[in-house]
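Visitor: Structure below; questions to follow.
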Amino acid sequence: MDNLCIVGLQWGDEGKGKVVDYLADGFESVVRFNGGSNAGHTVVVNGSRHVFHILPSAALKSKKLLIAAGVAVDPEVLSEELSLVKSLRTRTVVDFRATTVSPLEKMMDATLEDFRGSSALGTTRRGVGPAYALRALRLSPRVGDLVSDSYDMTTIRDFYKNFLPEVPDMEGWRKKSKMLLEELTGNVSDLVNEINDRNGAVMFEGSQGTLLDLLHGTYPFVTSSGTLSNYVPESVGVPPSRVGDVMGVAKCYTTRVGSGPFPTEMDEAGAQRIRIEGKEYGSTTGRPRRIGWLDLVSLKYAVRMNGARKLSLTKLDVLARLKEFKVCEAYSVDGEETEDFSRCLMEMDRVKPVYSDGWSIKGRLGANGIPGSVQELIDHIEEKLRVEVKLVSYGEDRSMTFER
Ligand code: GDP
Ligand code: IMO
Ligand code: MG
């Protein structure tokens, strides 16, 4: 069996957690490959809801849970998540090269947002941006450094004294983090390569979404790491040929948390309806998500950038509760129509969506099949994006999933 890479195709919160949990049975291990506890991945089983910020979303299945070198690891959040289920500690390995996030990075995240004032990005304030920045400055301790007895927090504290009004003593945090990470630290690159060498398969779990990618997203309103499938080899430490099949996850409408351009965003009355039906509040911060119609222009870009040949389409039940919905087929920029998202990246504020309307979902969504009206929407998406829709999700519970 081949490896599989799961990525978000929009601005995050597409339902990646649900898809990873659903598909995990076929894999030996699930590897988180980007971001940090800015992510919130929800898995609902028999009505019981679990939100994972740092652990791979296969935590409820008896899989090896790996956290790759390219992840920004907040030991406090990891510790909380590990305490949820007893067996988790023995199944989790964090790469010794992973970047760490301390309370100092969280303070810095908030300070930077305040500094930006009215141009704030609306970050999750989980310290992920400053942690990756410090990594690039070669100041940040890696997981392996925190575990080592010789590591000294003085330099990092002195650095932060230039930017923060008060820099707390970090010894308590250091000791707790060391104790936690000592048990978990390992070599994720070797583990994944070994699994593949004996023909085992792993799943790579992305966080955030394509349009939040640091380089290829709607900069500066993006996150601070790669979010595309091309980040897997670098982050995990495997050759590009081991990324495997790429499956993108997309909602059948669009959401965004935080600031930044959003061509298909709808008016507040419409947004509020979908927000309530779809429980569209941030899994990490609880912020109300901004809501827009399905955007096939940005999705086409996301599919291509990730090399996604498969798609999971989520939240069909939410659209089914609306009388009618729209689908964005093209953008109009200064009166000229285009389906080329990357061409619009420098002029996102002038983009106007061109819709096909009159779409509606009639009939029952269920495990035994999908009604003709959904099939029509899927046909349209498959044709326009050149992907195969393999999974259709029509409710938050694991069981409300239809495989094609
Ligand atoms: P992720 O970050 O991509 O893992 O997505 P989140 O967990 O942040 O947000 C997705 C939300 O939608 C969660 O509350 C899920 O429980 C929920 N969800 C996933 N699929 C479906 C679906 O098909 N229908 C409904 N109603 N909810 C879904
Ligand atoms: P999952 O994995 C949705 C957004 C923030 C903000 C921007 C920068 O659950 O899909 P950051 O804290 O990363 O510096 O914030 O990115 N953002 C997400 N939005 N889902 C996420 O993760 C996100 N992670 C970051 O809201 O706009
Ligand atoms: Mg989320």
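Visitor: Taking the Cα atoms of segment 1-151, report the difference between the largest and smallest coordinate on each principal axis, in whole Å and largest first.
Guide: 44, 42, 29
Visitor: With viscosity set to 1.306 mPa s and temperature to 10 °C, compute the Stokes-Einstein D of segment 99-181, Rh being the Kirkwood radius across alpha carbon pairs; µm²/s, no decimals. Can you show the working numbers first?
Guide: On the way: Rh = 13.3 Å.
Result for D is 119 µm²/s.
Visitor: If you don't mind, there's one more thing I want to ask. If r is the Cβ-Cβ distance from Met153 to Leu84 and R0 is 25 Å, what FRET efficiency results, to the nearest 0.05?
Guide: 0.30
Visitor: Can you tell me the dipole magnitude for segment 99-181 around its Cα centre, using point charges on the Cβ only (Lys, Arg +1; Asp, Glu -1), in Debye to the nearest 20?
Guide: 260
Visitor: Moving on to the next point. So for each of 224-232, 348-356, 324-332, 110-118 I average, over its residues, the number of other beta carbons within 10 Å; can you give me the resulting order with the highest mean first?
Guide: Answer by packing, highest mean first, reads 224-232, 324-332, 348-356, 110-118.
Visitor: Explain nothing, just the number: relative contact order of segment 99-181, from Cα pairs under 8 Å at least 6 residues apart, as a whole percent.
Guide: 32
Visitor: Once label points are set 7 Å from the Cα along Cα→Cβ at both Asp349 and Asp190, what is their separation, rounded to one decimal in nm?
Guide: About 5.2 nm, to one decimal.
Visitor: While we're looking at this one, here's another question. Relative contact order of the chain: what whole-number percent is it, with Cα pairs under 8 angstrom and at least 6 residues apart?
Guide: 20
Visitor: Turning to a different aspect of this structure: Given the -39500 (n - 2.57) contribution per DSSP H run of 4+ residues, what per-residue ellipticity at 222 nm results for the chain, rounded to the nearest 500 deg cm²/dmol? It would help to have the intermediate numbers written out before the result.
Guide: Values: 13 runs with 119 residues, N = 404.
The helix contribution divided over the chain gives -8500 deg cm²/dmol.
Visitor: Moving on. Is the shape of segment 1-76 rounded, prolate or oblate, going by the alpha carbon gyration tensor and its root eigenvalues a ≥ b ≥ c, with a/c under 1.5 for rounded and a/b larger than b/c for prolate?
Guide: It is rounded, given that a/c, with a ≥ b ≥ c, falls under 1.5.
Visitor: What are the principal axis extents of the Cα atoms in the chain, in Å, biggest first?
Guide: 65, 50, 38
Taken together, the values in this text are just the output of simple stated rules run on the coordinates, not laboratory data. Since the structure is predicted, the reported quantities are computational estimates derived from the model, not experimental observations. Virtual Cβ from ideal backbone geometry, glycine too; neighbours counted across all protein chains shown.
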